[in-house]
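The values are calculated or read from the model by the stated rules, or taken from the named source; none is laboratory data. Since this is a predicted model, take the numbers as computed values, not measurements. Here the Cβ positions follow ideal geometry from the backbone for every residue, glycine too, while neighbour counts run over all protein chains shown.
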Amino acid sequence: MSRISAAEDTVARLDERLLKSEIREGWITRTHFLDACASLWVEGDLVHVEDLVLHHAEMDVRTPTHALSRAYAVLRARFKIERSIIAWPMSRAGFTELSGRNPISPTKQANATEQFQGKSFEWAAQAECEFGSALHAVDAAVDRSSRILDVVEAATPRDGFVYDETWQEGERVDEWLSIAERTNKLPPVLAAVIVEDAWNSIEPLQHAAWTGRLMAPVLLKFRKKTSSHLALFNVGLRTIPREFRRSPDPIVRYLAGLDALIAGAQAGLRHHESWTAAKLLLTRKLRGRRSTSHLPALIDLIVARPLVSAAMIADELGVSRRAAQDLIVELGVREMTGRGRFRAWGIV
């Protein structure tokens, strides 16, 4: 109970600090990149933050690796959770939206097909004008195509060399959802840890272990424990020894999960203080500048990204790359990559 109380207090303290923080949006964006890289670190792969940032901006300096692609999938999932109001993932609809998969059991596949075939699209008939009718028709076509792809994906046999045909994803998902439903009356942090541990034990999806580690932050957000941010669960897991995270004793694993929540929240508080101080120092350099200067927008961009390149600054501010480099020199931001050709700057 003392560990649960400590996790509740630390997570709530970080959320309250971010509620009225002037760098909240930048903190959220930066921590998405940090947590995505930490997720791959937990799995035993190393992905550099600067490579993930450049890959997200479509400015890769080398061919993306498989680990980088997986880290980008985690990043996109965190952005989806933060920017949209998705269904609660402890339901099948919300789970499908978050994971990007449609695990339908063979017994439910026929029902899904019949439901699709029996659905009629009457949007175009209800339109008030020809333009509105065309838009509704396009929406109906997109909806119909999505449903067809879902049914086809569930019915198409997978490659036996990649997927285990006896895995039974649908039944595993049902089992995991039933465990998640029984945590509704538990404290949010304990429920989040149990849900994540149940995912590791059941393994509902093949080749998507990172999805389970996202369920803990989403549960905290759904239970209103974190309203201003998405918990840094993977960042906290990096500090927990593997023998505790993978212990055969479930109590030890639950304690490790609670410690991960505490460590992630503490890391978030440290980052917040560091980035706030860095922005204050940069803001002092705006004294005496004209009101049309691009420096304030550049400061906001630097705070919102782990690192920025001249091309990224040029695209965001609408200036040339030469002008972007001149703005960086005026601010005196630290060069982060140590490269001669592909240079990037940022704050620690």
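Taken as a whole, the condition of being among the small types (Gly, Ala, Ser), surrounded by 18 or more Cβ atoms within 10 Å (Cβ to Cβ) and more than 30 Å from residue 60 (Cα to Cα) applies to residue 260. Considering the range 314-348, the residues that are touching a strand residue (DSSP E or B) at 6+ places or on another chain (Cβ under 9 Å) and among the aliphatic types (A, V, I, L, M) include one that is surrounded by the fewest Cβ atoms within 10 Å (Cβ to Cβ), namely 348.
On the stretch given as the range 236-257, residues that are free of Cβ contacts under 8 Å to residues at least 40 places away in the same chain and either crowded, with 21+ Cβ neighbours inside 10 Å or not basic (Lys, Arg) (or both) total 12. Residue 205 meets each of the listed conditions (1) touching an Asp or Glu at 6+ places or on another chain (Cβ under 8 Å); (2) closer than 18 Å to residue 44 by Cβ apart from (2). Cβ-Cβ distances below 7 Å connect the following pairs, each with a first residue in the range 160-175 that is charged (D, E, K, R), a second residue that is at pLDDT below 70, and a separation of six or more residues or different chains: 169/103; 171/105. Residue 85 satisfies every condition listed in (1) touching a helix residue (DSSP H, G or I) at 6+ places or on another chain (Cβ under 9 Å); (2) at pLDDT below 85; (3) within 17 Å of residue 214 (Cα to Cα) except (1).
Taken together, the residues in the range 19-57 that are closer than 19 Å to residue 83 by Cβ, part of a loop (DSSP other than H, G, I, E, B) and not aliphatic (A, V, I, L, M) amount to 1. For the range 203-221, a tally of residues being surrounded by 17 or more Cβ atoms within 10 Å (Cβ to Cβ) and over 15 Å from the mean Cα position of the chain (by Cα) returns 2.
Among the listed residues 312, 336, which satisfies the condition of being touching a Gly at 6+ places or on another chain (Cβ under 6 Å) and either among the aliphatic types (A, V, I, L, M) or closer than 19 Å to residue 56 by Cα (or both)?
On the way: 312 fails: touching a Gly at 6+ places or on another chain (Cβ under 6 Å).
When all the criteria are applied, what remains is 336.
Taken over the range 304-348, the residue count meeting the criterion of being part of a helix (DSSP H, G or I) and either in contact with a helix residue (DSSP H, G or I) (Cβ under 8 Å, 6 or more places away or on another chain) or charged (D, E, K, R) (or both) is 19.
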